[in-house]
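Scroll down for the structure; my scribbles are underneath it.
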Amino acid sequence: MMSRLNGRRAEAEAQGLRINVAILGAGRIAHSMARTLVAMAADPRYAGLVAPYAVAARDGGRAAAFAAEYGFPVSYGS
């Protein structure tokens, strides 16, 4: 999706075309990705383009804890 926004960033931001990102799993690599997403959402260069949205994991409690830790508004368990 980001490649489609290259060169049209101002247009995308003006239209509110933000990418809501979900992470599947709540393991070590997912924590690294979540930290990156949170940092991007806080960075003025990317704040209007990306937003942490959801996390899904087999264990619903683990997904909820992960979501709370990083500020994802939605979590799912299976």
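The values are calculated or read from the model by the stated rules, or taken from the named source; none is laboratory data. No experiment lies behind these values; they were computed from the predicted model shown. Cβ: placed from backbone, ideal geometry, glycine included. Neighbour counts: every protein chain shown.
Run down Tyr46, Tyr70, Tyr53 and say which single residue is within 8 Å of the chain's Cα centre (by Cα) and among the hydroxyl-bearing types (Ser, Thr, Tyr). Only one candidate qualifies: Tyr53. Determine whether the stretch 33-47 contains at least one residue that is surrounded by fewer than 16 Cβ atoms within 10 Å (Cβ to Cβ) and on the phi > 0 side of the Ramachandran plot. No: zero hits. Please specify each residue of the stretch 40-65 satisfying the condition of being over 12 Å from Ala22 (Cα atoms) and modelled with pLDDT of 95 or more. Once the filter is applied, which keeps residues that are over 12 Å from Ala22 (Cα atoms) and modelled with pLDDT of 95 or more, the stretch 40-65 yields Arg58, Asp59, Gly60, Gly61, Arg62, Ala64, Ala65. Contact map, the stretch 56-69: first residue over 9 Å from Ala26 (Cα atoms), second residue part of a helix (DSSP H, G or I), Cβ cut-off under 8 Å, separation 6 or more or different chains; pairs are Glu69/Ala34.
Residues that are over 18 Å from Tyr76 (Cα atoms) and in contact with a Leu (Cβ under 9 Å, 6 or more places away or on another chain) were ranked within the stretch 9-23; the one that is modelled with the highest pLDDT is Ile19.
Hey, any hits in the stretch 24-44 for a residue that's touching a Leu at 6+ places or on another chain (Cβ under 6 Å) and among the hydrophobic types (A, V, I, L, M, F, W, C)? No, the stretch 24-44 contains no residue that is touching a Leu at 6+ places or on another chain (Cβ under 6 Å) and among the hydrophobic types (A, V, I, L, M, F, W, C).
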